[in-house]
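What follows is one structure encoded as structure tokens, with my remarks underneath.
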Amino acid sequence: MSTLIEVNHVSRLFGQHCAVNDISFSISRGEVLGFLGPNGAGKSTTMRMICGNLTPTSGEIKINGYDIVEHPTLAKAELGFLPEIPPLYPELTVDEYLRYCGKLHGLKKPHINKAIERGKSKCGLTGMGQRLIANLSKGFQQRIGIAQAILHNPSIIILDEPTVGLDPIQIMEIRQLIRELGKEHSVILSTHILPEVQQSCSRVQIIHHGKIVLSDHIENLEARMSSSSLIVNFQHTPNQDILKSIDGITQLTPLEKNRFQIQHQQASNPALKIAELAVANRWGLLELSPEKHNMEQIFLSLTQPDNSHE
Amino acid sequence: MNSLPIAGRELRSLFLSPLAWTILGVSQLILAYMFLTQLDYYLSLQAKLAGVAGSPGITDLIVAPLLGNAAVIFLLITPLITMRLITDERRNKTISLLLSAPISLTDIIFGKFLATFVFLLIMLFFIALMPLSLLTIGELDSGKFLAGLLGMILLLASFAALGLYMSSIASQPTVAAVASFGTLLLLWIIDWANSSTSSSHLFEYLSIARHFENLLQGLVKTSDVAYFILFITSFLILSIRRLDNDRLQQ
């Protein structure tokens, strides 16, 4: 796998404020990297630096082997960027706008029409070509922004919060699109919506206060998420001693009335036993589910301690 | 030429807004009225002039004043056309589309400049049609006329370059318009200072009007042409530097 983006010890200062502090990472072809972080963590600053809209205070960024500061045009040729606010000209129609973007990226006349058609069909904009951008909804404008980023078939696509302002169906479509794009292109997806990362990314990076606090493959992260606890809920009050006596159960924590969190050893799963006991003792089993740490908890555990001493 | 798509889009947006059409219409109307009064004035003098040898002809009495008036009108309207060039891109965040595309800052600035210049040339074309209509009834001093046109072209390019620069430093279109109008007006009247002092030579050299008047009189001097070309290139380079500064912002 070839490395498409290399970010080496990049920092960015705005006056005294350090927005991005010495971050390094790389992306290979065919990876979908989720770039997570709370508001103001430095996500957008990093994206803008990779796309050459901001110059790093120190460090270097290489795209396809070209330094973004020294060879900007060569580096940007392989780049498709959707900024936070889609860069649209409201007075143009969708087709006019996409044609302009194609020309900016140096597409030749014969290819431009095909590229526009492909971009529109991928982003669900077919039949919207003659509409004025100003008259379209936020969701459609966001789609035009994405169409613009993938128009010239770049090997790297950078999307800064692409699903903001979309309705749930559109969000699902866009996530599907991102997964598809990930097969042929490298994608960096910046977001603060966690399920989005879980659904569409192959690798996750969490940035907080300008520093990367976690960088891992999504499978490893999922493994971290499964833990050894169950949540049970009964209709009648169970005998806690009987529950505790089940093999492998280490701790029983009452949550609400008749609802418990049961910690157990990793090797054994007491779910079956609990169900049998509940039926035998007529406790009225209402809920029995393995507890999963979700991304939110990992995210919070990584970002919270820092917040507290500010 | 990577700047052509930018120039094309800019012109298109300009003509999609009512601003361009209003400016074209209003300026043409005013200049046509000025042209007619000038023509009237000439006709009233014609009888007296006929007897004098070496008296000024149509070109001196109609074309030169018309172009001179047109220059002042351009001074007023060019800031209105240039004010949005960069400020709007910044405000609508469309600038990031240009900055992440594989084009250089020079292409961006040159494209913007080209769009404004082409628009101003379209206006100049319609203005030039008025003196050309005199060919049906008489003869023009084509040398003087062409020198005047050259002066106008250089003047318009200078106005466009300065307006573009002001648009690149200002944060709001109106600020850009006021700043470019103020600067142009100052450069236009700077030679009004008392001509007896030594510093007035510098002021005379700085004045746009001085250099333009020479060309209008049919006097094509290298120093005047060089002044305009220096003026245009300096402000274009300054605009590129200013745009580059956006990426380095602290």
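The values are calculated or read from the model by the stated rules, or taken from the named source; none is laboratory data. Because the structure is a prediction, the values reported are computed rather than measured. A quick note on method: Cβ atoms are made from the backbone with ideal geometry, for glycine too, and the neighbour counts reach across all protein chains shown. To get the accessible areas, we keep the full protein, side chains included, count just its heavy atoms, and leave off ligands, DNA and RNA. Shrake-Rupley method; radii C 1.70, N 1.55, O 1.52, S 1.80 Å.
A compact table of results
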| quantity | calculated |
| --- | --- |
| Of residues in the range A:154-209 being of a type in the set (K, R) and over 30 Å from A:D22 (Cβ atoms), the one surrounded by the most Cβ atoms within 10 Å (Cβ to Cβ) | A:R175 |
| Residue ID - farthest from the other protein chains (Cβ to nearest Cβ), chosen from residues in the range A:137-153 that are open to solvent by 10 Å² or more (accessible area, probe 1.4 Å) and in a loop (DSSP other than H, G, I, E, B) | A:S137 |
| Any hit, the range B:6-29, residues being open to solvent by 60 Å² or more (accessible area, probe 1.4 Å), over 30 Å from B:T116 (Cβ atoms) and more than 14 Å from every other protein chain (Cβ to nearest Cβ) | no |
| Residues of the range A:255-290 satisfying the condition of being within 30 Å of the chain's Cα centre (by Cα) and modelled with pLDDT under 75 | A:Q266 |
| Members of the range A:78-97 that are under 22 Å from A:S186 (Cβ atoms) and not charged (D, E, K, R) | A:L79, A:G80, A:F81, A:L82, A:P83, A:P86, A:P87 |
| Filtered residues of the range A:50-68 (kept if without any contact (Cβ under 8 Å) to a residue 40 or more places away in the chain and buried (at least 19 other Cβ atoms within 10 Å of the Cβ)) | A:G52, A:N53, A:I68 |
| Qualifying residue in the range A:24-34 (condition: in contact with a helix residue (DSSP H, G or I) (Cβ under 8 Å, 6 or more places away or on another chain) and either part of a strand (DSSP E or B) or β-branched (V, I, T) (or both)) | yes |
| Count of residues meeting criterion [buried (at least 24 other Cβ atoms within 10 Å of the Cβ) and more than 9 Å from chain A (Cβ to nearest Cβ)] in the range B:85-104 | 2 |
| Failed criterion for A:T73 (all others in (1) in a helix (DSSP H, G or I); (2) buried (at least 21 other Cβ atoms within 10 Å of the Cβ); (3) at the interface with another protein chain (Cβ under 9 Å from one of its Cβ atoms) hold) | (2) |
| Filter pass, A:G145 being within 23 Å of A:E180 (Cα to Cα) and at pLDDT 90 or above | yes |
| Residue in the range A:237-258 that is under 30 Å from A:E84 (Cα atoms) and open to solvent by 60 Å² or more (accessible area, probe 1.4 Å) present | no |
| Residues that are part of a loop (DSSP other than H, G, I, E, B), open to solvent by less than 10 Å² (accessible area, probe 1.4 Å) and within 14 Å of chain B (Cβ to nearest Cβ), drawn from the range A:90-133 | A:L92 |
| Inter-residue pairs, beta-carbon under 8 Å, first within 14 Å of chain A (Cβ to nearest Cβ) and in the range B:235-250, second surrounded by 13 or more Cβ atoms within 10 Å (Cβ to Cβ) and aromatic (F, W, Y), 6+ apart | B:Q249/A:F14; B:Q250/A:F14 |
| Some residue of the range A:129-140 being of a type in the set (G, A, S) and under 21 Å from A:K76 (Cβ atoms) | no |
| Tally of residues being touching a residue at least 40 places away in the same chain (Cβ under 8 Å) and on the phi < 0 side of the Ramachandran plot across the range A:98-114 | 5 |
| The range A:145-173, residues that are farther than 23 Å from A:T45 by Cα and touching a strand residue (DSSP E or B) at 6+ places or on another chain (Cβ under 9 Å) | A:L151, A:H152, A:N153 |
| Residue count, the range B:151-203 (criterion: open to solvent by 50 Å² or more (accessible area, probe 1.4 Å), more than 11 Å from the chain's Cα centre (by Cα) and not small (G, A, S)) | 15 |
| Some residue of the range B:106-118 being farther than 21 Å from B:H211 by Cβ, within 14 Å of chain A (Cβ to nearest Cβ) and surrounded by fewer than 20 Cβ atoms within 10 Å (Cβ to Cβ) | yes |
